[in-house]
Structure formats: structure tokens, C-alpha cells
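Take this structure first; my questions come after.
The values are calculated or read from the model by the stated rules, or taken from the named source; none is laboratory data. These figures come from a predicted structure and were not determined experimentally. We place every Cβ from the backbone using ideal geometry, glycine too, and count neighbours over all the protein chains shown. In case anyone asks, the SASA skips ligands and DNA or RNA and just uses the protein heavy atoms, side chains included. Shrake-Rupley method; radii C 1.70, N 1.55, O 1.52, S 1.80 Å.
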Amino acid sequence: MCQVHCTESLHTVLHLMFTGTLQRRSSKNVYMRTLHAVSHPHSNSMRFQRVLYFICAFQNISCGIHYLASVFMGVTPRHVCRPPGNLQNGEIWELSRCSRNKRENTSSLDYEYTGSKKEFPCVDGYIYNQNTWKSTAVTQWNLVCDRKWLAMLIQPLFMFGVLLGSVTFGYFSDRLGRRVVLWATSSGMFLFGIAAAFAVDYYTFMAARFFLAMVASGYLVVGFVYVMEFIGMKSRTWASVHLHSFFAVGTLLVALTGYLVRTWWLYQMILSTVTVPFILCCWVLPETPFWLLSEGRYEEAQKIVDIMAKWNRTSSCKLSELLSLDLQGPVGNSPTEVQKHSLSHLFYNWNIATRTLTVWLIWFTGSLGFYSFSLNSVNLGGNEYLNLFLLGVVEIPAYTFVCIAMDKVGRRTVLAYSLFCSALTCGVVMVIPHKHYILGVVAAMVGKFAIGAAFGLIYLYTAELYPTIVRSLAVGSGSMVCRLASILAPFSVDLSSVWIFIPQLFVGTLAFLSGVLTLKLPETLGKQLATTWEEAAKLESENESNSSKLLPTTNNSGLEKTEAITPRDSGLGE
């Protein structure tokens, strides 16, 4: 039991040592060298962490690509039933989208025909309009008419794979290490991406896409953990939020490639090659010293620490000395029993239960809105490739806005404002005449900006709303609700064939309701992170100034007394 807590305190010390934030410590023999390293003029360069961050963030581009590739790959062009290939002399056929009719009276050549005719299914296939796309997954396997539901499953099944992948590879990363999973998921993205492009039938295509979703989701989860275990607390919030920006770059590449390449399998193959640079260099990525410490592999962890110190031009430290200090310190003398908590603990009492349901609704709304705006870009009118490109571009300033605004006016205010703005723009889109599609695209960009800001903020806000003992459980449960929304989003967009504004109606209504409920949540800016249920329940009544300091969420009480970090330091990696 002691080993777990010792490792946690070592994690904190390592973060402080390599990011220039180490302050006073009680043991001079161990920490004097660390203080010397921090005082080095290059100690804040964080060169090692920056290199790792941009290598891993680059791969997020591939994840963004595969998440939204179906926007164009699953397009259903205009089509009519193909006439029989063995037409007899004098036969007259009327062709419609999903059937063909043979006229009994062949002497009537008028367009309007009131005589008897027989209806036949489209057994010879369909004729597709190739002005926009030469071929898509829909035209490849005739996923129209009575097979239309198969086309509707392309994106939802992918999102179901995302759900399973986040759970599966998160478990493997804790058992096998972050580095192995990063390499495996990245290789899988390339292999399954190419396999989808060369699929011989619909079911092979769907299987390849399903496994592609699992590995892409697995990389996002493990890549985030990997980066957060190297990035220091002062940069953690900005680093975690802007990982979404690289995901948005993937959206831009989807739009650009879709504009240049109009054959679905070539489009899929080109997009799959984006992951190749990462595969070629990911073998040089080291394992995180935190995971190595948790496994008791101290010599390997020491080597990584020495490399980090060399890159950052700082003095290294001996982990054995730090471990010895921890074993003799307050944590080693009084280990705290680790308790396991289930989902029911998120409903600790009425106030906490209300908070949980509100947070889940915000997660659901953010995900539904994010994917609905992106997938519905082809229905806005005008150039559908430019529409998706613009909706991807607007995400990047949205994340920058979140990073700046949440430390200025507070998490709750920014989140509520973003949700209300999203609801308002959904209403504006619904009243704009379709012929004025430019105004519709601008409104959709504003909505995507707002929902993107809310989606980027809810990760951090959820972590700050719950006590330490269930913080990971709260974020994980919110992520599961988010995946459910991403599965339902394609169905919402498909309903636009019934009424074109159904996606905006769903997202706008939920965003407004979420915004109202957000106002009832406590503000966490400048407040201590809760460690017990009592503290979490009293968040509403706390009225500390925004300049007050937050304590880190480590279980090491000795470190908590000597460390103070600013509100922006509290990230998901804690």
C-alpha cells in the first residue's frame, strides 16, 4: 500500500523538478540538487516535454481524420433505378429512385401516363449522379432504398467502436505500459485504415472501420495520459485543451482531401497515410517514468529521468533517494487505505445526484452538438467541402478562448455562455432561408465555436466539481455519456431527410436546457479541489476570491502542505 503513495509523491516531485516549479522541501540532502536544477537558466525550457507533446499531438490529426471521414465517404448521391439490361423492342420503363415500372400500353409515349403498368424492384442496380463523387461507400455496395439502413450504420457503428476502444486500451495501457499501446494503436490505425479502403464487401468494410475506431479511440485516451504524465502542472491545462486543436486539423484535412479526391477508396487510403510519420518515429518515445515507478521498475525510470534532465539542461536526481525519503516521511508512516467506488457514489446525496445528472447532460449535449454540426455540414448548402473546412477551423480559436476566459470569468460562466450561444445559433440557422446559405454557414460556425468551447471545458470542470475519491470516475462516466451521444448524432443528422432542421432542433433544445442547469452548478475558479464529499457538497457556499490558490490533488499530505498551484494548473492528468 505504501508503494502506491510513495509513487504518487515521486510523481509530484518529478513534475516540479522538470518544470521549474519545485519550492521548499524538508530534506536538504535530496532537494538541494533539485533546487540547483531549477535555478539553472534553461530549467524552464521543457525541451524534452515539448518534443514529446508535438509528436503525440501530431497523431491526434489522424484520429480527427478517421472520426469524420464518413462525412464524404458515406455520401448518398442522387440516383434512379437502372433499367433492365435486356430491353425488348417497344418496352417503355418509368424509372424512380427505388423502383421501375413497365408500361403495358407501349403505344403511349406521353410523359404523363395513366394506363396500367407493373412495378419491379431494382434488381439491376442503380444509376448514380457522379458530378460530385465518382464513387462512395454507398454507391459501391448500393446502400440505398431498402438497404439504406446499412448506410445509416456506418458512423454509429464506428462510434460504438470508439466507446469500446477507450475502455479496452485504457486498461491495456495500465497493464502493458503507455508506449506499447501508443505504438500498437498507431500501427492499427494505418493497417485498418488501408484495410477499409480495400474491403471487398460491405461487412468487411464495416469490420475494418469498427477496429479502426477502437484503435483511434485507444490512442486518444492513452496519448492524453502519456502527454499529461510528462507535462508539468503549469502547462497542463493549455496542453490538454489544445490537444483538441490537432484533432480539428484532421477535420481540415478531411475537407481538403474530399475536395481533391472523389473516389472513396482512394480518399480513405490517402487519409490513412497521415499516421505514417508517427509510426516511423514513435519507437523513440520513452515509457513514462510514472508508469515505470508504479511497476517498481526504478532503474528504467532513472534512465528516463536522466535523459529528461539532459535535454532540459538540468541536474538529475536519484529516485532511490526520493523513494527513501518517502518511505521515512509521513506517507510511509501512515498509509491511507484506498477505497473503491462505484457509479452509485456519484449520487451520494440529492445535491450531488443533481450535479451528476446536470454534468452528464452537458457531456451529452456537447458531444451531440459537436458531431451534429460537423456531420450536417453537407446539408447547409453551398460548397460542402468549404463548409466542413470552416467548421473545423473555428474550433481552434474556440479552445484558445476557453483557456483564456475560464481563468478570467470562471468555468461556470464560460460554460453557460457557450451553451446559450449554441442554442441561439441553432435557432438562427432554422429561420435563415435555405437560399441564403452563406448566412447559414456563418451561423453554424458560431454554433460550432460555442459548442466546441463547451466541449473543451467540460473535461476540466467535471474534474473540479468532484472530490478526489471519485474524480476519475466522474470524468470517465461523463466520457461514456459523451460516447452515447456520438453514436446517436449520425441518426439525428439522417433525420434531416424528414425535416432539414431536426439536428438543430435537438441540439438547440438540449443546449438551452443544459445552459439553464449549468447556472445552478457551483463555480470552481479559485477554490480548493475537494478531497471529501463534505467539501464537494459545500462548494456552492464557498466564496473564496479568484486569486486564492488550489492545492494539488495528490494523496500525499506532506506535499499538499508545501505546494500551491494556480487554478489553471489543475488538469485532467491530476
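In what sequence, highest mean first, do 415-425, 257-267 appear when ranked by Cβ atoms within 10 angstrom?
Packing order, densest peptide first, comes out as 415-425, 257-267.
Could you work out the mean projected area of the convex hull around the alpha carbons of the range 456-520, in square nanometres to one decimal?
5.0 nm²
In nm², what is the average projected area of the convex hull enclosing the Cα atoms of the range 199-238?
3.4 nm²
Kindly flag which residue pairs out of 310/527; 408/520; 134/435 have an alpha-carbon separation exceeding 31 Å in this structure.
Beyond 31 Å between Cα atoms: 310/527.
Another one. Got a sec to turn the phi values of the range 432-447 into Karplus ³J(HN,Hα) couplings, 6.51 cos²θ - 1.76 cosθ + 1.60 with θ = phi - 60°, whole Hz, x for Gly and Pro?
Once θ is set to phi - 60°, the couplings for the range 432-447 become 6, x, 4, 5, 9, 5, 5, 5, x, 5, 4, 5, 5, 5, 5, x Hz.
Let me ask something additional. In square nanometres, what is the average projected area of the Cα convex hull of the range 200-301?
The directionally averaged projection comes out at 8.9 nm².
Provide, as a two-decimal number, the C-alpha radius of gyration of the range 132-202 over 2.2 N^0.38 Å, N being how many residues it has.
Taking N as the residue count of the range 132-202, the ratio is 1.44.
Next question. Given the C-alpha atoms of the range 386-438, compute the convex hull and give its volume per residue in Å³.
So the per-residue hull volume is 78 Å³.
Roll a 1.4 Å probe over the protein chains and send me the accessible area per residue for the range 265-319 in Å².
46 Å²
Oh, and also: Among 215-225, 496-506, how do they line up by average Cβ neighbours within 10 Å per residue, starting with the highest?
215-225, 496-506
Quick one: check the C-alpha center-to-center distance for the range 362-419 versus the range 179-221, whole angstrom.
Their Cα centres are 27 Å away from one another.
log10 I(q)/I(0), Debye, Cα-only the range 81-214, no solvent, q = 0.10, 0.17 Å⁻¹?
At q = 0.10, 0.17 Å⁻¹ the computed log10 ratios are -0.53, -0.96.
Ok, one more. Enumerate the whole-percent occupancy of each 5 Å bin, from 0 to the last occupied one, for all C-alpha pair distances of the range 482-536.
Reading upward from the zero bin: 4, 15, 15, 16, 13, 11, 10, 8, 5, 3.
Can I ask one more? Can you give the convex hull volume per residue for the Cα atoms of the range 372-509, as a whole number of Å³?
Output value, Cα hull per residue: 102 Å³.
Now for a separate question. Could you derive backbone 3J(HN,Hα) for the range 157-170 from the dihedral phi with the Karplus parameters 6.51, -1.76 and 1.60 (θ = phi - 60°), listing whole Hz in sequence and x where the residue is Gly or Pro?
With the stated coefficients, the range 157-170 comes to 5, 4, 5, 5, x, 4, 4, 5, x, 5, 6, 5, 6, x Hz.
For the range 155-235, how big is Rg over Rh, using alpha carbon atoms and the Kirkwood form of Rh?
That ratio equals 1.07.
Quick check: convex hull of the Cα atoms in the range 241-297, volume per residue, rounded to a whole Å³?
114 Å³
Under 8 Å for C-alpha pairs, at least 6 residues apart: give me the relative contact order for the range 388-501, rounded to a whole percent.
For the range 388-501, the relative contact order is 29 percent.
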